[in-house]
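Data block below; observations after.
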Amino acid sequence: FSFYMVNRPTLLLVSFDEKNELITADLRKELATYLKFQVIFTEYDAPRFVSSRGEQKYAGDFLPTLQWLRKKGRYTFSLGIVNADLFVPELNFVFGIANQQMGAAVISLHRLQSKEYDFFLRRALTESVHELGHLFGLPHCKDPTCVMFFSDALPDTDRKGYRFCNHCSAIFSKTFAF
């Protein structure tokens, strides 16, 4: 599918944790610059009922709230940021998940931490762009330097960075003609 837009697409960036002021401000700026989207930021209470597995939170339980906020504000997409470690039933953990039909994605900062802030920001940006890529209709890519490459460990995230490869970039550009 293709989004032909007279105006830039809008992304609602939602922090479910009050402690993320600096990282969300920097993510907002970086995402707006790289994707050329209008990025709006808000804080919101985490959903009341989030399933747990030990200390982990079920990633899918954040998506309905993000979809509701996206629809309520008439945003193109929504991306949630949480500090909690996230999981889905079939994996030990996830850095994030996306649901294209809902127009919503969520990432966890839990496993992205680094002593160097710039490194932490790059990891958060990489995972944000990756999950947003799924919202744009992009599948996982075989190029290990592409942001759409599947990461199951931090070395994968660190190697690939936050940019699309030429192939995925061409699809993104064709999808968002503005």
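The values are calculated or read from the model by the stated rules, or taken from the named source; none is laboratory data. All values derive from a computational prediction rather than experimental measurement. Here the Cβ is made from the backbone with ideal geometry for all residues, glycine too, and neighbour counts use every protein chain on show. With ligands, DNA and RNA removed, areas are computed over all heavy atoms of the protein, side chains included. Shrake-Rupley method; radii C 1.70, N 1.55, O 1.52, S 1.80 Å.
Remarks
- Other-chain or far-sequence residues with amide H under 5 Å of residue 43's (modelled H): 15
- Exposed loop sites here are trypsin sites (Lys or Arg not before Pro) assigned a DSSP state other than H, G, I, E or B and surrounded by at most 16 other beta carbons within 10 Å; excluding them, the longest clear run of the chain is 75-114.
- Built amide H within the under 5 Å cut-off of residue 149, gap 5+: 141
- Accessible area (Å², per residue) of the chain, counting only protein heavy atoms and a probe of 1.4 Å: 53 Å²
- Cysteines (scope the chain) whose Cβ has no counterpart Cys Cβ under 4.7 Å: 168
- Calculated Rg and Dmax of region 4-46 using C-alpha coordinates, Å: 11.4, 36
- Among 67, 101, 38, the largest mean-square fluctuation in a Gaussian network model of the chain, built with springs joining Cα atoms closer than 10 Å, belongs to 101.
- Fraction of antiparallel bridges per DSSP, the chain only, in percent to nearest 5: 30 percent
- Rg followed by Dmax, in Å, when region 96-169 is reduced to its Cα trace: 11.7, 36
- If the chain linking residue 8 and residue 142 were pulled fully straight, counting 0.36 nm for each residue of separation and taking away their Cα-Cα distance, it would gain 45.3 nm.
- Lysine pairs within the chain, Cα separation less than 19 Å, 8 or more sequence positions apart or different chains: 5
- Computed P(r) (all Cα pairs; the chain; 10 Å bins; percent): 10, 41, 38, 10, 0
- 3J(HN,Hα) along region 107-124, derived from phi through the Karplus expression 6.51 cos²θ - 1.76 cosθ + 1.60 where θ = phi - 60°, amounts to 10, 10, 8, 3, 8, 9, 4, 8, 5, 9, 4, 4, 5, 4, 4, 4, 4, 5 Hz, with x in place of Gly and Pro.
- Extension gain from residue 158 to residue 100, taking 0.36 nm per residue of separation minus the Cα-Cα distance: 18.4 nm
- Summarising the label geometry, the points placed 7 Å from Cα in the beta-carbon direction at residue 48 and residue 166 lie 5.4 nm from one another.
- Calculated FRET efficiency for the pair residue 90/residue 25, C-beta based, R₀ 35 Å, to 0.05: 0.55
- Across all directions, the average flat footprint of the convex hull enclosing the Cα atoms of region 24-95 is 5.6 nm².
- Contact order relative to length of region 1-132, as percent, for alpha carbon pairs under 8 angstrom and 6 or more apart: 24 percent
- Region 56-169 - percent relative contact order, Cα under 8 Å, separation 6 or more: 21 percent
- Heavy-atom accessible surface of region 63-122: percent carbon and sulfur, 1.4 Å: 49 percent
- The figure for residue 116 is an accessible area of roughly 130 square angstrom, using a 1.4 Å probe on the protein chains alone.
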